[in-house]
Amino acid sequence: MGRIFINILFGFVVPWVFGIAWFKKAPTIAILIFPISAIISSLINAFGYHVDYWDFTPKIEDDETISALPFDIGLYPLAGCLVIYWIEYKKKHPLVVLTILSIILTGLEYIAYLTRKVEYSNGWTMGWTFVSYFIALAAVYGFYALARKHGVNFTNTK
């Protein structure tokens, strides 16, 4: 239980401490973007585990994805929400925002890699990690753009 506690603390609790305060600023973004971001995160992590590109500790036999679950419902979807917040409210260029958040997430994963929290195999590298974060965040942005095209107002705070 102690080893998964680190995942819960840094992948779920700490991000949600900031996420709850932020949720009040942009509830529409949180309500609409969080679920799609969590799905994208879960799919990418499941794929990575299945093809043995990475493993996250603690290693849980027969269900490796449990180790990443706090991140799939915490840090990663909140990062997706943050991308849309910066684009929608702060009027930042999408490519700049996607790149910056991908670098930040890759940096955090690099720390996890150095502390042996995550292990890579089958040719996976930090470069591919950056690409996977960029693709995931770009998919979130694609969902956002599609929703806007269909009339969803993300700046509505009521």
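The values are calculated or read from the model by the stated rules, or taken from the named source; none is laboratory data. Predicted model only: the values in this text are computed from it and were never measured. Please note: Cβ atoms are built from the backbone with ideal geometry, for glycine as well, and neighbour counts cover all protein chains shown. When the accessible area is computed, the model is the full protein with side chains, heavy atoms only, and any ligands, DNA or RNA have been set aside. Shrake-Rupley method; radii C 1.70, N 1.55, O 1.52, S 1.80 Å.
What is the sum of charges around VAL97, taking Lys and Arg as +1, Asp and Glu as -1, for the other residues whose C-beta is under 12 Å from the C-beta of VAL97? With Lys, Arg at +1 and Asp, Glu at -1, the neighbours total +2. For the chain, the per residue solvent-accessible surface stands at 56 Å², with DNA, RNA and ligands left out and a 1.4 Å probe.
In this structure, ARG148 and LEU43 have a Cβ-Cβ separation that, at R0 = 22 Å, corresponds to a calculated FRET efficiency of about 0.45. Mean residue ellipticity, 222 nm, helices only, the chain: the sum of -39500 (n - 2.57) across DSSP H runs of n ≥ 4, divided by residue count and rounded to 500, is -22000 deg cm²/dmol.
Under a Gaussian network description of the chain, with springs only between Cα atoms under 10 Å, the residue in ILE20, ILE84, ILE40 that fluctuates furthest is ILE20. Close amide H partners of LYS92, meaning residues 5 or more places away or on another chain with modelled amide H under 5 Å apart, are ILE87. Taking Cα atoms only, the orientation of helix 94-114 departs from the longest principal axis of the chain by about 20 degrees. The alpha-carbon atoms of the stretch 37-92 define a convex hull whose volume equals 78 cubic angstrom per residue. Surface composition of the stretch 53-158: carbon plus sulfur atoms contribute 63% of the solvent-accessible area (1.4 Å probe, protein chains only, all chains present).
A 1.4 Å probe, protein heavy atoms only, puts the accessible area of SER41 near 10 Å². The count of lysine pairs in the stretch 42-158 whose Cα atoms are under 29 Å apart, excluding pairs fewer than 8 places apart on the same chain, comes to 8.
If you wrap the tightest convex hull around every Cα atom of the chain and split its volume per residue, you get 109 Å³. Computed 3J(HN,Hα) for the stretch 20-36, one whole-Hz value per residue from the Karplus formula 6.51 cos²θ - 1.76 cosθ + 1.60 where θ = phi - 60°, is 5, 5, 5, 3, 5, 6, 9, x, 5, 4, 4, 5, 8, 8, 4, x, 5, glycine and proline marked x. Cross-link reach is defined here as a Cα-Cα straight distance under 19 Å, omitting same-chain residues fewer than 8 places apart; for LYS24 the aspartates and glutamates meeting it are GLU88. From the largest down, the stretch 1-48 spans 33, 25, 11 angstrom on the principal axes of its Cα atoms.
The calculated FRET efficiency for VAL131 paired with HIS93, based on their beta-carbon distance and R0 = 22 Å, is about 0.65. The share of Cα pairs per 5 Å bin across the stretch 71-144, counted from zero up to the longest distance, runs 4, 16, 26, 25, 16, 9, 4, 1, 0 percent. Per-residue extension of 0.36 nm, minus the Cα-Cα distance of ILE103 and ILE4, leaves a gain of 33.1 nm for this segment. For HIS150, the solvent-accessible surface with a 1.4 Å probe is about 140 Å², rounded to the nearest 10. Filter the trypsin sites (Lys or Arg not before Pro) in the stretch 12-91 down to the DSSP loop ones having no more than 16 other Cβ atoms within 10 Å, then list what survives. Sparse-neighbourhood loop trypsin sites (Lys or Arg not before Pro): LYS59, LYS90, LYS91. Of the residues THR125, LEU82, ALA136, the one whose Cα sits farthest toward the positive end of the charge dipole of the stretch 41-145, with +1 on the Cβ of Lys and Arg and -1 on the Cβ of Asp and Glu, is LEU82.
Spin-label pair PHE23-THR65: with each label point 7 Å from Cα along the Cα-Cβ axis, the two points sit 2.3 nm from one another.
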